[in-house]
1. For the range A:1-39, what are the residues that are open to solvent by 60 Å² or more (accessible area, probe 1.4 Å) and of a type in the set (A, V, I, L, M, F, W, C)?
2. Pick from the range B:209-221 the residues that are within 36 Å of the chain's Cα centre (by Cα) and open to solvent by less than 20 Å² (accessible area, probe 1.4 Å): which of them is nearest to the other protein chains (Cβ to nearest Cβ)?
3. Taking the conditions exactly as written (more than 8 Å from every other protein chain (Cβ to nearest Cβ), closer than 29 Å to residue A:7 by Cβ, assigned to a strand (DSSP E or B) and not hydroxyl-bearing (Ser, Thr, Tyr)), does residue A:82 satisfy them or not?
4. Go through (1) of a type outside the set (Lys, Arg); (2) modelled with pLDDT of 90 or more; (3) under 16 Å from the mean Cα position of the chain (by Cα); (4) farther than 25 Å from residue A:200 by Cα one by one and return the number of the condition residue A:29 breaks.
5. Residues in the range A:49-84 that are on the phi > 0 side of the Ramachandran plot and within 14 Å of the chain's Cα centre (by Cα): how many?
6. Restricting attention to the range A:86-104, report how many residues are over 16 Å from residue A:156 (Cα atoms) and not in a loop (DSSP other than H, G, I, E, B).
7. Only one of B:243, B:181 is open to solvent by 50 Å² or more (accessible area, probe 1.4 Å), more than 14 Å from chain A (Cβ to nearest Cβ), of a type outside the set (S, T, N, Q) and touching a helix residue (DSSP H, G or I) at 6+ places or on another chain (Cβ under 8 Å). Can you tell me which?
Amino acid sequence: MIEIYHLYHQYGNDQMVLRDINLTIDRGEFVFIVGASGAGKSTFLKLFLREFKPSQGTIKIFGRDLARLKNGEVPYLRRNIGMVFQDFRLIEGRTVYDNVAFAMMVIGTPQREIRKRVPQVLTLVGLEDKVRAKVCDLSGGEQQRVGLARALANRPALIVADEPTGNLDPGTTLDLMNLLRSINLRGTTVLVATHNREIVDLFKKRVIYLEDGRLIGDEQKGFYARDH
Amino acid sequence: MPVIISGVGYILRETVKGLLRNRWMCLTSTGVVAVTLLMLGIFMLLSLNVNHITDVVKEQVEIVAFIDDQADHHTVAALRQKLADNPAVREVRYVSSEEHMERLSRQLGNVLEGYDTELDNPLLASFEVRAVVPENVSALAAEIERYSGVSEVFYGQGYVENLFSVIRVLQLLGLILMMGLSATAVFLIAHTIGLMVMMRKKEIAIMKYVGATNWFIRWPFLLEGLLMGLVGAIIPLVVLYFLYQHALDWVTASNVAFISMLPLREVIFEVGQYLLPLGIGLGILGSSFSISRFLKV
């Protein structure tokens, strides 16, 4: 599903942020991306959404080379990727329903379909009784679940989560990660960039290690620390 | 089809919501656009009527070529033919000395009482000539003055040149005013839409992340600008309607004979044909400037 060959990226004339990354990720995998702050995790994930083109190299998702994608095709790529952010990025002042429905409305999904699917997705993330609640009235964990529900609304083949538990307490973190795991078990590919050592060690999934922009390790059933 | 309807419904709802959410800002911008277009509309009304009066005056601008007292019948006939054959001449009319005297009698009334106008008529016969291009009347008059049989030529020297100069200046002023006012309106709408886009920057970013196309994001803002421009054009049209009606009533009541104003419906329709598309165009242009800056995520 994801193929990356000799990927390099730098911002303007600054230092190279990613250097010679090579890897493939198959459909249905659950992958952690770990590394210290500044290792290049966020930049790596932003490339999947084609926020910018890589400076050099190839990154293919669903068989499409992102560097060659026309600007007009980018929205259609993003509709197959569900993004979850550390800071949730919900629309304040609107309800849980509106936030999730929003993702479906902007791609032109019929109202009938939206009314049917939003409750299903909210049930999946355990927020079926918060449909009409304003997002600002929810806890951090609940808001992140709304973010996850929004990411799932359009049934993407890939979920990309950038530090999704960064603002959450340990209990809520575990709940959310279990949700991601259950979503993965249904066939969705999941990539999670994280600093959370406990979760990585607990889940024993594939772990990709980034350091100073380089891929220094790639282990199936890996641990947060490579020398564990 | 349902997909398109859903998208259109969303865009329309967001447009209305955006206007309501920022109603004071929108009202302010719309108000300033309305004032701008009102000034433009007033100027257009004045311009249209000045052009109308000018056309009427132009119709009346004529050259009077007095015929030499000594000219015989053949000379007069040849002169008439020469004038008629001149491509710059639209119309030629012979006025006998008797007719001149009759006109004078009518103008002077009792002043000529007791004067035998048939026996002692010092007035010369003339040809009244109208030019194809009224602006060229002075050149034509100079040419006619050289014709054989012509004693003297009058055409309102000085007055005509001044009139045409005034018209040219008014037209130039109008163009400058229109460009300046239009630029002001575009700037105001762009500023308002820009603020509205900035307020919704987070929402726009989310829309981009979930796969909304650029046009889907643009449409509500474009429509907001369009509506501001449209309403900003309708308001002055209504105001102008009543202002012009008032002016017409005043001119009629004042009996100002030399002022002939265009009919109300005709002139408002004419101004509306410019103001409405202009308002809409300014609105869309103002929106376009702003939203293009915020579509990169």
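1. A:36
2. B:220
3. On the way: more than 8 Å from every other protein chain (Cβ to nearest Cβ): yes; closer than 29 Å to residue A:7 by Cβ: yes; assigned to a strand (DSSP E or B): yes; not hydroxyl-bearing (Ser, Thr, Tyr): yes.
Spelling it out, residue A:82 is indeed more than 8 Å from every other protein chain (Cβ to nearest Cβ), closer than 29 Å to residue A:7 by Cβ, assigned to a strand (DSSP E or B) and not hydroxyl-bearing (Ser, Thr, Tyr).
4. All conditions pass for residue A:29, except number (4).
5. So the count comes out to 1.
6. Going through the range A:86-104 one residue at a time, the tally reaches 5.
7. B:243
Listed here are the residues, each with its yes/no results for (1) among the basic types (Lys, Arg); (2) more than 22 Å from residue A:1 (Cβ to Cβ); (3) in contact with a strand residue (DSSP E or B) (Cβ under 9 Å, 6 or more places away or on another chain); (4) at pLDDT 90 or above.
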| position | (1), (2), (3), (4) |
| --- | --- |
| A:149 | no, yes, no, yes |
| A:170 | no, yes, no, no |
| A:186 | yes, no, no, yes |
| A:202 | no, yes, no, yes |
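The values are calculated or read from the model by the stated rules, or taken from the named source; none is laboratory data. Quick caveat, the model's predicted, so the values are computed rather than measured. Counting neighbours? That spans all protein chains shown, and the Cβs are built from the backbone with ideal geometry, glycine included. Just the protein is used for accessible areas: all its heavy atoms, side chains included, with ligands, DNA and RNA removed. Shrake-Rupley method; radii C 1.70, N 1.55, O 1.52, S 1.80 Å.
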